[in-house]
Amino acid sequence: MEMPPLVAMVGNPNAGKSALFNALTGARQKVGNYPGVTVERHSGRLALDDGRPVELVDLPGAYSLEPSSPDERVTRDVLLGAQSGERRPDALVVVLDAANLDNHLRFAMQLIALGLPVVIALNMVDLAERDGLVLDPTVLARELGVPVVPTVAVRRRGIDTLRATLTGLVGTAAAPTAPAAPVEDIRTLQRRARALSKAATVSETPTRRWHHALDSVALHPVFGPILLVALLFVMFQAVFNWSEAPIGWIEDGFTALEAALKGMMPDGFLRSLLTDGVIAGVGAVLVFLPQILILFLFILVLEASGYMVRAAFLMDRMMAGVGLSGRAFIPLLSSFACAVPGIMATRTIEDEKDRLTTILIAPLMTCSARLPVYTIIIGAFIPARQVVPFVGLQGLVLLGLYLMGIVGAFVAALLLRRTVTKGESSGFMMEMPKYQLPRLHDVAIGLWSRAAIFLKRAGTTIALTTVVLWALLSFPQAPAGQSQVEYSVAGRIASGLEVIVRPIGFNHDIALALIPAMAAREVAVAAIGTAYAIDDTEDASGAKSLVDHLRGRWSLPTALAFLMWFVFAPQCISTIAVTRRETNGWRWPVFMLAYLFVTAYVMAGITFWLATFAGL
C-alpha cells in the first residue's frame, strides 16, 4: 500500500502550532516516541480538498536548524531526512506568531531555504490586531516566495484556506521559488527578518513603535553594550551614594546598643561575648544591608522591565566567543545574588559540557556576600571623591571589581572549553518580552525576600561563626603586655597560615579572617571586626571604627591584594556542597577549589607587587 504524503508542521515554541494541528486533524491523532529518543511524535490524518489523505506530523518547537536540545535535534533531523524511522516531509506548514513576526521569520527563512514546498500559517492574527498590529500577508508572500495564510487556530479561522493551499502544494513537481542562496549567519537572518517584518506592517500602535525604537538601541551591537555598561555604572554609583544615610543610622543603632550593654553589665565574659563577639562581628556585616538592597532594587527593576532578557541577548554574543551557550546567562546572572541557586539553575542546560563549564565558573560571578568585603575595603582605602561631576571614584572601583569577576569567568570558560570540558557549544535563541513598567508590589516583595535571606544568614551562619571565632580569640588569656589576638588559639592558627599568604602581601589579620570566611564570604568582615574589638575595646563595634583600624594596620597594596583575592577565591562552603551534589561526586568540586584558589593567590600576588612597585 502506497504511503500517504507526509506534511510536517514546524515553527517556534508558543506559535500556536499544536492548536493548528488539532484544528486540522481533529480526533485522528496518534502519539508515540521517535526511535531511540524520548521526544514525543504527534501525527494525524488530514484529507485534502481533492480527497487525497496526507499524514500531518507536529514537529517539536525549535528556534533554528542549529539544535540546542533533543527536541530541536529531532526537528532538524526530520527536516533533513536524517531521523531514524522517519521519512523526509513532502511539504511544510510553517507556523508564525503574527505578534512576534520578526523573531519567528528568522527560522521560517531557514526552512524555506531547504527547498521543500512551504505554506506559511500566519497564526494568532486576532491577538496581533488586538494589540494594534495589522500585517499584509501579500507582502510576506511576495518577499518570501511562498503562500501565506492568516489563521486563528483556536477559532478555526483560515483552516479551509490553509487546506486548499496544501492541496495545491502536496505532490507538485517543483517547489515554490525560494531564496537563491541559503543564508547561514544568524545575525544576517535576523536583520532580514526585521526588515521583512517592517515591510509587511500596515499599521501599529505608538507603544509597539516605541518598543522597536528601544530595541534598536538596547540590542544594537555597539550601542547595546554601551547602554549595559552605563546602567551598571549608575547602579554601582548608587550603591555608595544612596546608602550613606541608612548605613549611618544602622551604625548609630549598634553603637547605642553596645553603650547600653556596657552601662548595664559589669566587665566580664558575657559582656565581651555580646559586645566584642556578636555586636562587633554581626554588626560589622549588617551595616551593609542598605547597599545590598540598593543593588537588588536595580536588578529587580531591570528584570521586571524586560531589559534583562535583552542583556542576555547581548551577553550571548560574548559567551559564544568563549565557547559558552547563551543558556548559561541566566544561571550566571542568578550567581550575582548567590552562586548556590545559580549552580542549581544550570539544570536547564542540555549539553553536559556547557553545564559543567557554567558550574565551574559560577563562583566567579560577584555574589552579594562579597559586597560587604568590597565596600569596607573601598571605604577605607579609596578616597570618596568625584573623578568628574556625579562620578565617584569608589563606585568606579566597585564596578571594576564586578567587571573583573565577569572577565575572569570568561577567561576561565575559554580555557576550560579548550581543555577539561572540551566540546562544541550549543546554540541559543530567545524571545524578547514586552517592555513594561515594574510593579511596585512585586519589587517590594523581592526586596523583602532578599532582606530576609540576608538577616537570616546574619542571625545564623555569621552569628555562629563569629561566636566561635570570639571564643578562639579569647582563650587562652594573654599575659599582660601581649596581644590577645596573637596569643589566642585562632591567632596561633593564623600565624601558621600567614607564612603561606605573606608573599602576596597578606598580614596576620587577613590570615585570621580567611579561615572562618570559608563558611560565608561576608564573615571575613565580621572576623576582622571581632579581632580588632578584642585587641582594642574602645568602640570597635561600628564600621567607622573598623575603617580606622584598617587604615592604621593595612597598606594600600595589601588592601588591593585582599580585594583581588575575593574576586576569585571560592570562599563559600555552601557553593562547594551544591557543586558536589550537582556533579555527583567530589572530583569537580575539588578541581574548582584548586583552580580558583590558585588563581586568587596568583592575582592577589600580582596586584600586591605591582601596587608596591608603583609606590601606592
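The values are calculated or read from the model by the stated rules, or taken from the named source; none is laboratory data. As the structure is a prediction and not an experimental result, all values here were calculated from the model. Neighbour counts are summed over all protein chains in view; Cβ atoms, including those assigned to glycine, are modelled from backbone coordinates with ideal geometry. To get the accessible areas, we keep the full protein, side chains included, count just its heavy atoms, and leave off ligands, DNA and RNA. Shrake-Rupley method; radii C 1.70, N 1.55, O 1.52, S 1.80 Å.
Observations on the model:
- Reachable lysines from Lys456, criterion Cα separation under 27 angstrom, eight or more residues apart if same chain: Lys262, Lys544
- Here Phe591 sits with roughly 60 square angstrom of accessible surface, probe radius 1.4 Å.
- List Thr366, Thr161, ordered by accessible area with a 1.4 Å probe, largest first: Thr161, Thr366
- DSSP bridge analysis restricted to segment 6-204 gives an antiparallel fraction near 45%, rounded to the nearest 5.
- Nearby aspartates and glutamates by direct alpha-carbon distance to Lys422 (threshold 18 angstrom, same-chain neighbours under 8 apart not counted): Glu350, Asp351, Glu352, Asp354
- Sorted largest first by accessible area at a 1.4 angstrom probe radius, with every protein chain in place, the residues His549, His441 fall in the order His441, His549.
- FRET efficiency for Lys456 and Ala47, using Cβ-Cβ distance with R0 set to 60 Å, rounded to 0.05: 0.40
- Both radii come from the Cα set of segment 6-204: Rg as radius of gyration, Rh as Kirkwood radius; their ratio Rg/Rh reads 0.94.
- Reported to the nearest whole Å, the Cα centre-to-centre distance from segment 241-257 to segment 101-122 is 60.
- Met264 contributes an accessible area of around 140 Å² to the protein surface, as traced by a 1.4 Å probe with all chains present.
- Accessible area expressed per residue, the chain, with surrounding protein chains retained (probe 1.4 Å, Å²): 44
- Probe 1.4 Å, all protein chains present, accessible-area order of Arg187, Arg370, largest first: Arg187, Arg370
- Accessible area of Leu560 in the full protein assembly, 1.4 Å probe (Å², nearest 10): 40
- With Cα atoms, 0 to 90° folded angle of helix 101-112 axis to the chain main axis: 60
- Per residue of the chain, the DSSP helices (runs of n ≥ 4 H) give a summed -39500 (n - 2.57) that works out to -18000 deg cm²/dmol at 222 nm.
- Shape of the chain, Cα gyration tensor, a/c cut at 1.5: prolate
- For segment 460-616: rounded, prolate or oblate by the Cα gyration tensor [a/c cutoff 1.5]: oblate
- Helix axis angle, 206-218 relative to the chain longest principal axis, alpha carbon, degrees: 60
- Rounded to the nearest 20 debye, the dipole size of segment 6-204 about its Cα centre is 180 debye, using +1 on the Cβ of Lys and Arg and -1 on the Cβ of Asp and Glu.
- Under 18 Å from Lys434, Cα to Cα: lysines that are on another chain or at least 8 residues apart: Lys198
- What a 1.4 Å probe finds exposed on segment 6-204 is 51% carbon and sulfur by accessible area, rounded to a whole percent.
- Student exercise, the chain dipole from Lys, Arg, Asp, Glu Cβ charges, in Debye to nearest 20: 800
- Portion, in percent, of the accessible area of segment 318-366 that falls on carbon or sulfur, probe 1.4 Å: 64
- Options Ala280, Thr612, Leu122, ranked by Cα towards positive dipole end of the chain, top entry (Cβ charges): Leu122
- Nearest-ten-degree value, helix 556-568 long axis tilted from longest Cα axis of the chain: 40
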